[in-house]
Amino acid sequence: MLTRRDFFRGAGAVTAAVTAASVSKVAMAALPEPVIQTKAETMPPLTPASGRPYNPVVTLNGWTLPWRMNQGVKEFHLVAEPVVREMSPGFRAHLWGYNGQSPGPTIEVVEGDRVRMFVTNKLPEHTSIHWHGQRLPNGMDGVAGLNQKAIQPGKTMVYEFVARRPGTFMYHPHADEMTQMAMGMMGSWVTHPKGKHPLIDEVDRDFVFLLNAYDVDPGSYTPKIMTMMDFNLWSWNSRIFPGIDPLVVRKNDKVRIRIGNLTMTNHPIHLHGHEFLVTGTDGGPTPRSTRWPEVTTDVAVGQMRQVDFLADEEGDWAFHCHKSHHTMNAMGHDVPTMIGIDHRGVVKQITNLLPDYMVMAERGMADMTEMEMPLPDNTEPMMGGHGPFGSVEMGGMFSIVKVRKDQKPGDYKDPGWYQHPQGTVAFEWTGPLADPARFQAEGGLSMPAKKLPMKNVEVQVRKPAGHGGRKQ
Ligand SMILES: [Cu+2]
């Protein structure tokens, strides 16, 4: 066990980089330098330079927090602070997060590691961190008021425990959670197995991200924190399509994707072109007898699902939440359905009153992607993204798994659009169109009208006699 004196001696060489006036320089001198990241691109995996070796994960549009080894203890420094997150190119949200980003950096450790987490609060209110899914001493569990005093603004508190179980976990505040999670405070935690694990297969590519949701009014920057259900931005690691990076893999790679849900609803996550197995939850690896092929897995609120698959089909495969409203960006939910309504007569009358009136969605919503409608500043179009064949009418929780045979091992660079082999793309029929062979019935109805002799039928309704007429 480390004494306080040993700790300060070991930490003496590291200089502090935090400029916050609220944090005392003397106290900071002993802290690991907090690493700050302000870019929203997917950072390459962080190969461990110290401690036990492991195969690192790639955080989608995120990064892994470097650590310092201090006499056998892995020390990390998280700084809770307001951040500006680019949710998609040109669209910025004012969120709260950790170390410059929302979500915060991924924490990666190895089963059995002793971990010391320094958490500095640069928010205007108190906070705490709960280490979702971990086995740890009760006093390290992070529920403010229950397990610890809240971390006051300007203060730093220390959590220390052994990462006992391998798996995928999450971290988030457990103090004014409604506000702080609606503002984007969360991160992923991966504990790699120590050596070979009977239920954890080795993979070539390992991705991790969190499902999160925001309610940012078009033209504004800060999420509305009181929203319970009607979020208008459904994001992966606080990014929305087309701002979510593709998951780039090499053909025949064994691929793992770890998905945690910190929104207020469930998300059925769907992969095209392959089947996967659910190989883990935040409770740890699943027994092999419970695994069967799926193409969609529901990730409920407060859950993590880890899926493994063999990427043996080349192409650009859609990967998205199957709730169709979650693959849309900011929109008004009170737009009535106009499909099939002929507006021509009405529009003229309305434009007499409202010269700018415009008919929307008469033939569906796809028009919206082509319409160059003026949007308020700092607003992402409802559906965006361009593919090799035109607009991809998607937003929100949507990305692409790009499987390429010539992708180098460990290369995560976007290879561009898939080049389809000749004759493998859906094509237009240009021959003659035969009349559809409809069922020939009387009156030309598609359903045969059965001629029955008309007869008056008296319907008798028998009311139950008194209460509880039916015997139990
Ligand atoms: Cu969803």
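Of note:
- Number of the exception - Glu393 against (1) touching a residue at least 60 places away in the same chain (Cβ under 8 Å); (2) in contact with a Gly (Cβ under 9 Å, 6 or more places away or on another chain): (1)
- Selection within the stretch 299-312 - farther than 20 Å from Tyr171 by Cα and surrounded by fewer than 15 Cβ atoms within 10 Å (Cβ to Cβ): Asp312
- Filtering the stretch 35-47 for residues that are touching a Lys or Arg at 6+ places or on another chain (Cβ under 6 Å), surrounded by fewer than 24 Cβ atoms within 10 Å (Cβ to Cβ), farther than 20 Å from Asn261 by Cα and not small (Gly, Ala, Ser) leaves an empty set.
Matching residues to (1) touching a Phe, Trp or Tyr at 6+ places or on another chain (Cβ under 8 Å); (2) away from the ligand (no atom under 16 Å from the Cβ); (3) at negative phi; (4) modelled with pLDDT of 95 or more:
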| site | (1), (2), (3), (4) |
| --- | --- |
| Ser220 | no, yes, yes, no |
| Met226 | no, yes, yes, no |
| Asp245 | no, yes, yes, yes |
| Arg256 | yes, yes, yes, yes |
| Pro268 | no, no, yes, yes |
| Thr286 | no, yes, yes, yes |
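- Test: Leu210 is at pLDDT 95 or above and either among the hydroxyl-bearing types (Ser, Thr, Tyr) or within 14 Å of the ligand (Cβ to nearest atom) (or both): yes
- Output for the stretch 383-403, where each listed residue is closer than 23 Å to Val58 by Cβ, within 16 Å of the ligand (Cβ to nearest atom) and among the aliphatic types (A, V, I, L, M): Met394, Met397
- Among the residues of the stretch 126-154, those that are more than 28 Å from the chain's Cα centre (by Cα) and in contact (Cβ under 8 Å) with a residue 40 or more places away in the chain comprise Pro153, Gly154.
- Condition met for Val158 (surrounded by fewer than 19 Cβ atoms within 10 Å (Cβ to Cβ) and not charged (D, E, K, R)): yes
- Residue list for the stretch 78-137, filter: among the basic types (Lys, Arg) and either assigned to a strand (DSSP E or B) or buried (at least 24 other Cβ atoms within 10 Å of the Cβ) (or both): Arg85, Arg92, Arg114, Arg116
- Single residue of the stretch 228-242 satisfying the filter (within 17 Å of Pro268 (Cβ to Cβ) and under 8 Å from the mean Cα position of the chain (by Cα)) that is surrounded by the most Cβ atoms within 10 Å (Cβ to Cβ): Ser235
The values are calculated or read from the model by the stated rules, or taken from the named source; none is laboratory data. Because the structure is predicted, anything quoted here is derived from the model rather than measured. Every residue, glycine among them, receives a Cβ derived from its backbone with ideal geometry; neighbour counts consider all protein chains shown.
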